[in-house]
Amino acid sequence: MLRLEARRHDSTLMALVSPLIATALTLVAGSILFSLLGHSPGRALYTFFIAPLSDLYGWTELGVKVAPLMLCAAGLNMCYQAKVWNIGAEGQLVIGALAGGYVGLMFPDTQTHWMLVPVLGFGILGGMAWAGLAAWLKTRFNTNEILTTIMMNYIALYGLLYAVHGPLKDPNGYNFPESAQFSEFVTLPVLFPDYRINISILFGLFALAASWIVLNRTLPGFQMRVLGQDQSAAAFAGFNQNRIVWSVMLVSGGLAGLAGICEVAGSIGQLVPQISPGYGYTAIIVVFLGRMSPIGIFFASILLGITYLGGEMVQMNFNLPKSITGLFQGMLLFFLLASDILIHYRILPANRASRVHS
């Protein structure tokens, strides 16, 4: 028999090892899952995790998936450091895409790449406005930001559906629910010819670096971390909690909005009913898997990005539903939360634990 014993101090080692344990358990559970579905576990896992990166095209497609994850996760990390539980990055991403995309569609005949500046700017502002609404509800009425941001995700999605079925629908699109294609002057430059990866990956890397500097080298970042660790200490020090809430929500919303407009002005090239396969939700897993560290978030973004590519590969090769991606992401989050128990507790034989307490 085994039992849990509380640690005197949280284990720094287990905080670092826990994501590795969760990843290993996810692979084991995935092997069992593929076996039950009648497929060779080794071949299926190879197809899911290794085969997508077997050529340059796969690596560039991974960059396409990683960029929005890093942008959303960089903003969410700042929220979670301050214990502001923004679950609305998905909706903020959608509104950013809608706002920036609208500006791009209003100038179809533009002949200058400078038009990208207002397109990206309105994408950022759209995400900030959507997050700002949740911040206002929290600071003005003390509403639970978890509930408001989740509900606002659905409002944003239905707003997008209304737009592509209605006012922004391409009149020459054979009645398909999508906007016209963006002009080449309002689409993001690609990094390599013949591949979809674009400068949004650079935005993501810059966002991670900037978030680390803000959190660890500035007074506002210090205030965010203090508020997250002890609200009473933050109040005693005179920190303005409402201002911090507004700051982290606006930054998070702006980065999610940037991720959204980069999707539609980059790899997609138009407004469509499904801009994101769930990047805003997956970024939550990225933040916690990466231990709220920019370097950890970078590697976690790569791992979660591979799950998107892997889901597409097993769909084509094994005729499995694409939802297998969400299943793997869910298992990873479940095992991560379970493994994090070891940060606060140690597992001991029951008899040894009883001797310690005696």
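Can you tell me the FRET efficiency between Gln241 and Thr112 if r is taken as the Cβ-Cβ distance and R0 is 56 Å, rounded to the nearest 0.05?
Taking R0 as 56 Å, the efficiency between Gln241 and Thr112 is 0.80.
Taking springs between alpha-carbon atoms closer than 10 angstrom, which of Leu227, Leu320, Leu336 fluctuates most in the Gaussian network model of the chain?
Top of the fluctuation ranking is Leu320.
Output the peptides 219-225, 54-60, 172-178 sorted from most to least packed, where packing is the average of other Cβ atoms within 10 Å over each peptide's residues.
The most tightly packed comes first, giving 219-225, 54-60, 172-178.
Using the crude model of +1 on Lys and Arg Cβ and -1 on Asp and Glu Cβ, and no other charge, please compute the dipole size for region 57-319 relative to its Cα centre, in debye to 20.
Using Cβ point charges on Lys, Arg, Asp and Glu, region 57-319 gives about 880 debye.
Would you give the gap between the C-alpha center of region 1-40 and the C-alpha center of region 175-210, rounded to a whole Å?
Value for the Cα centre distance between the two parts: 36 Å.
In the Gaussian network model of the chain, springs joining C-alpha atoms below 10 Å, which of Val94, Val17, Val314 carries the largest mean-square fluctuation?
Ranking Val94, Val17, Val314 by mean-square fluctuation puts Val17 first.
Can you give the FRET efficiency for Ser232 and Leu16, using 1/(1 + (r/R0)^6), R0 = 35 Å, r = Cβ-Cβ distance, to the nearest 0.05?
Efficiency for this residue pair is about 0.75.
Out of Leu258, Leu215, Leu188, any idea which swings most in a Gaussian network model of the chain, alpha carbons joined below 10 Å?
Result: Leu215 has the largest fluctuation of those listed.
What's the angle, to the nearest 10 degrees (0 to 90), between helix 324-339's Cα axis and the longest principal axis of the chain?
Tilt relative to the chain: about 30 degrees.
Taking the structure as given and computing Rg and Dmax of the Cα atoms in Å, which label from (1) 21.0, 63; (2) 22.0, 81; (3) 30.6, 117 fits?
Label of the calculated value: (2).
Given the options Pro321, Ala131, Ser232, identify the residue whose Cα lies farthest towards the positive end of the charge dipole of the chain (+1 on Cβ of Lys, Arg; -1 on Cβ of Asp, Glu).
Sorting the options by dipole projection puts first Ser232.
Could you line up Phe122, Phe48 from fewest to most neighbouring Cβ atoms inside 10 Å?
Ordered by Cβ neighbours within 10 Å, fewest first: Phe122, Phe48.
Which aspartates and glutamates have a Cα lying under 14 Å from the Cα of Lys169, excluding residues fewer than 8 positions away in the same chain?
Within the straight-line cut-off, Lys169 pairs with Glu178.
Assuming 0.36 nm per residue, please report the length gained on full extension of the stretch Leu202 to Leu348 beyond their Cα-Cα distance.
In short, 47.9 nm is gained.
Around Tyr345, which amide H atoms from residues at least 5 apart in sequence, or from another chain, sit under 5 Å from its own amide H, with H modelled in the peptide plane?
Arg7
Neighbour counts of other C-beta atoms within 10 Å: give me Lys169, Lys322 arranged from fewest to most.
Result, fewest neighbours first: Lys322, Lys169.
Would you work out which of Ala82, Phe107, Leu25 lies farthest towards the positive end of the dipole of region 25-148, given +1 charges on the beta-carbon of Lys and Arg and -1 on that of Asp and Glu, about the Cα centre?
Ala82
Lys83: which lysines have alpha carbons under 29 Å from its alpha carbon, excluding same-chain residues fewer than 8 sequence positions away?
Lys65, Lys138
7 Å from Cα along Cα→Cβ at both Phe141 and Phe299: what's the point-to-point distance in nm?
4.3 nm
Counting only C-alpha contacts under 8 Å and six or more residues apart, can you give the relative contact order of the chain as a whole percent?
Relative CO of the chain lands at 36 percent.
Just so you know, all these numbers are worked out from the coordinates, no wet-lab data involved. Since we're looking at a predicted model, the values are computed, not measured. Virtual Cβ from ideal backbone geometry, glycine too; neighbours counted across all protein chains shown.
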